[in-house]
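Colleague: Quick one: the structure is below, questions incoming.
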Amino acid sequence: MIQYFLERPYLILLMAALIILTLFVCVKAGQASSRRSKEVEKIMKKLKEENRLRNEFAVLTDSLIKNSEPERLFKGVALNLQKQVSDAEDMNSEFDKLNDEQKNIYALSIVVEDGSEKLSEFFRANGQPLTEVALSAFREIFEGRAAEIFETEYKMFDSDNEDVSFSAEEAEKLDAEFAGLLSANDISAAVSRIISENPEKFI
């Protein structure tokens, strides 16, 4: 058998190549499996944290509102509003039942979830009436360049608006500028003030 392979060196090279290829595939498969495992672990951790927040803020009190960190207060209230809407048979009808402050919190929480890295992703993923409510809410809380960018992107992604045309390159520039002006934490802090100043709208 050894003599057979010695007389045919190309077979040795072929087998070596096959072994290397097999090892390469196994290593890549292991890496992919590890990445998937880490992603699943990250998702599970996020879901557990959201469940804890939802339960913590399921029943709001003045004391809970006053003593909660802005980001946790915003997320906790928003998660319960999202659950209320998503559990309904008619989500649009349920959303309409929310008061203006609740609608604002709901809309801005989706802005943070979908557009925290790129604002344009929020407008790509969502439509009316959510985007219009988000625009109105953003105008109430923020001003200056950040508000201008939000409104510009709203118009860019509004198919009924003929004054501002869509430009992927321009959207990318606006995304980067917006991210430099406001973070998810800035929005959380601002939104938590709405809750603190209008507790009767949420309790």
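Colleague: Which members of the range 105-161 meet the condition of being closer than 21 Å to Ser192 by Cα and among the acidic types (Asp, Glu)?
Modeller: Step one: of the range 105-161, the residues closer than 21 Å to Ser192 by Cα are 105-117, 119, 122, 130-144, 146-147, 150.
Within the range 105-161, Glu113, Asp114, Glu117, Glu132, Glu140, Glu143 meet the criteria.
Rundown of residues vs (1) assigned to a helix (DSSP H, G or I); (2) surrounded by fewer than 16 Cβ atoms within 10 Å (Cβ to Cβ), yes/no style:
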{"position": "Gln102", "(1), (2)": "yes, no"}
{"position": "Thr131", "(1), (2)": "yes, no"}
{"position": "Glu148", "(1), (2)": "yes, yes"}
{"position": "Tyr154", "(1), (2)": "yes, no"}
{"position": "Asp160", "(1), (2)": "no, yes"}
{"position": "Arg193", "(1), (2)": "yes, yes"}
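Colleague: Here's a follow-up. Residue check: is Glu177 surrounded by fewer than 18 Cβ atoms within 10 Å (Cβ to Cβ), at pLDDT 90 or above and not β-branched (Val, Ile, Thr)? Break it down stepwise before answering.
Modeller: Numbers: surrounded by fewer than 18 Cβ atoms within 10 Å (Cβ to Cβ): yes; at pLDDT 90 or above: yes; not β-branched (Val, Ile, Thr): yes.
So Glu177 fits the description; yes.
Colleague: Then there is this: From the list Lys83, Lys75, Lys118, Lys97, pick out the single residue that is of a type in the set (D, E, K, R), in the same structural domain as Ala179 (by TED's automatic domain parsing), surrounded by 21 or more Cβ atoms within 10 Å (Cβ to Cβ) and on the phi < 0 side of the Ramachandran plot.
Modeller: Within the list Lys83, Lys75, Lys118, Lys97, the selection yields Lys75.
Colleague: So which of Ser120, Ser188 is modelled with pLDDT under 90 and either part of a helix (DSSP H, G or I) or among the polar types (S, T, N, Q) (or both)?
Modeller: Numbers: Ser120 fails: modelled with pLDDT under 90.
Going through Ser120, Ser188 in turn, just one is modelled with pLDDT under 90 and either part of a helix (DSSP H, G or I) or among the polar types (S, T, N, Q) (or both): Ser188.
Here's the yes/no breakdown for (1) part of a helix (DSSP H, G or I); (2) at pLDDT 90 or above; (3) closer than 29 Å to Phe178 by Cα; (4) among the aromatic types (Phe, Trp, Tyr):
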position: Met15; (1), (2), (3), (4): yes, no, no, no
position: Cys26; (1), (2), (3), (4): yes, no, no, no
position: Gln31; (1), (2), (3), (4): yes, no, no, no
position: Leu60; (1), (2), (3), (4): no, no, no, no
position: Gln84; (1), (2), (3), (4): yes, yes, no, no
position: Ala107; (1), (2), (3), (4): yes, yes, yes, no
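Colleague: Quick one: Phe123 ticks every box in (1) farther than 19 Å from Asn104 by Cβ; (2) surrounded by 12 or more Cβ atoms within 10 Å (Cβ to Cβ) bar one, so which box is it?
Modeller: Every condition holds for Phe123 apart from (1).
Colleague: Further question on the same structure: Would you confirm whether any residue within the range 101-121 is more than 18 Å from Leu174 (Cα to Cα), touching a residue at least 40 places away in the same chain (Cβ under 8 Å) and charged (D, E, K, R)?
Modeller: Looking through the range 101-121, at least one residue is more than 18 Å from Leu174 (Cα to Cα), touching a residue at least 40 places away in the same chain (Cβ under 8 Å) and charged (D, E, K, R).
The values are calculated or read from the model by the stated rules, or taken from the named source; none is laboratory data. Quick caveat: nothing in here was measured; it's all calculated off a predicted structure. Reconstructed Cβ throughout: ideal geometry from the backbone, glycine too, with neighbour counts over all protein chains shown.
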